[in-house]
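S.K.: This structure is in structure tokens; I'll ask about it shortly.
Values in this text are rule-based calculations from the coordinates and carry no lab data. Just so we're clear, the structure is a prediction, and the values are computed from it rather than from any experiment.
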Ligand code: AMP
């Protein structure tokens, strides 16, 4: 059973995906991470992606869909994928249905983490992401965990697109382009909305309740 974690940038999708991975033995498929891996390779495509991401713009559907398909067809991910950051527009939502249909897979749960713009700004401005394991921590809320991070705290870095102006641009893009995906999904029986402003542990518990049904 595959899961979509849906919500604005900074809603906590990555953080919650990491918990689901550990507890329910899932694979996190973050299109943001796939794109950042491509950037690290310094290929012409990676450079193109870097300039888009660092300006708060989306990568093209063509690029993202290709990277996504390559991951989904990897058999070890079969029916245990958490989609984090995908779909981000209606065309991607339709594309996901087509790819999963072709592979005889489906979406078991769509979980929407609903958070206001105010909270998102505070969370993103403190976010640190590990270059090695992709774990996200917050420099204001996780001081001790940062010091003790197993990969070494020197690998925890601010993302280039986590600055105030870009965060505002990313939120606006979410409202305009990604929120319509909610209409696409919200009438489905497997759609659940969770208050993403709650404490991390409370959100995790609610997600566990949904997944254990
Ligand atoms: P994220 O790590 O999910 O916050 O994504 C970081 C950035 O990668 C986004 O602001 C977009 O520029 C790009 N990105 C991630 N996922 C997608 C997607 N599904 N479609 C287009 N661009 C994406």
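S.K.: Dividing the Cα convex hull volume of the chain by residue count, how many Å³ per residue is that?
M.R.: Values: hull volume 25.9 nm³, N = 213.
Hull volume over Cα atoms, normalised by residue count, gives 122 Å³.
S.K.: Okay, moving on. So if the hydrodynamic radius of the stretch 49-142 is defined as the Kirkwood radius over C-alpha pairs, what does Stokes-Einstein give as its diffusion coefficient at 25 °C and 0.890 mPa s, in µm² per second? Before the final figure, lay out each step's value.
M.R.: Details: Rh = 15.7 Å.
Rounded to a whole number, D works out at 156 µm²/s.
S.K.: Along the principal axes of its C-alpha atoms, what lengths does the stretch 101-162 span, in descending order and rounded to whole Å?
M.R.: 44, 30, 22
S.K.: Which value at 222 nm does the chain reach when only helices count, each DSSP H run of 4 or more adding -39,500 (n - 2.57), with the total divided by all residues and rounded to the nearest 500 deg cm²/dmol?
M.R.: Helices in the chain give a 222 nm mean residue ellipticity of -14000 deg cm²/dmol.
S.K.: Over the Cα atoms of the stretch 162-207, how large are the radius of gyration and the largest Cα-Cα distance (Dmax), in Å?
M.R.: Cα only, the stretch 162-207: 13.7, 37 Å (Rg, Dmax).
S.K.: Go ahead and set up a Gaussian network model of the chain, Cα springs under 10 Å, then flag whichever of 110, 63, 99 fluctuates most.
M.R.: 63
S.K.: Say we join alpha carbon atoms closer than 10 Å with springs in a Gaussian network model of the chain; which of 180, 87, 150 then has the biggest fluctuation?
M.R.: So, out of 180, 87, 150, the one fluctuating most is 150.
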